[in-house]
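What follows is one structure encoded as structure tokens, with my remarks underneath.
The values are calculated or read from the model by the stated rules, or taken from the named source; none is laboratory data. Since this is a predicted model, take the numbers as computed values, not measurements. Neighbour counts are summed over all protein chains in view; Cβ atoms, including those assigned to glycine, are modelled from backbone coordinates with ideal geometry. With ligands, DNA and RNA removed, areas are computed over all heavy atoms of the protein, side chains included. Shrake-Rupley method; radii C 1.70, N 1.55, O 1.52, S 1.80 Å.
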Amino acid sequence: MPNPLSHFSIHADDVERARDFYEAIFGWTIEPWGPPGFLMIYPDGDREAPVHGSIQQRRGPLSGEGVRGFECSFAVEDLGAIAEAVEAQGGRILMRDFEIPTVGTMTHSLGSRL
């Protein structure tokens, strides 16, 4: 794929709460990096992975409705187990197990107020 994803950012009101949430669900390694309120995400703990991300302190207040950030999809081994983990961590399942041809089975979830 030309121009593949290399980095994603998750903006959160409470970066430590977001860290706990994503570590519990995906098992990511998340560590402080750079300025306060900025954490680096290393999927599989690999600092040299082709895709990594960050959790960073939200810079401004939220207002209105709709998507409030970057929507992305993560490939997982057990979609049901991940959905259960999202709910166990206070998140909500918005759409469960729907099929997109050539992509796979998807579940849309929303983290608790991160």
For the pair ASP13 and VAL76, what calculated FRET efficiency results from E = 1/(1 + (r/R0)^6), where r is the Cβ-Cβ distance and R0 = 22 Å, to the nearest 0.05? 0.30
With a 1.4 Å probe and all protein chains kept in place, how do LEU79, LEU39 rank by accessible area, largest first? LEU79, LEU39
Can you give the accessible area of HIS108 in Å² (nearest 10), computed on protein heavy atoms with a 1.4 Å probe? 60 Å²
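Leaving ligands, DNA and RNA out of it, rank TRP33, TRP28 by accessible area with a 1.4 Å probe, largest first.
On the way: TRP33 135, TRP28 25 Å².
Sorted descending by solvent-accessible area, the residues read TRP33, TRP28.
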When the solvent-accessible surface of protein heavy atoms is calculated with a 1.4 angstrom probe, in what order do GLU87, GLU77, GLU23, GLU48 fall, highest first? GLU77, GLU48, GLU87, GLU23
Roughly how much of SER9 is accessible, in Å² to the nearest 10, using a 1.4 Å probe? 40 Å²
Count charges around GLY80 for me, please; just the other residues with Cβ under 10 Å from its Cβ, Lys/Arg as +1, Asp/Glu as -1. -2
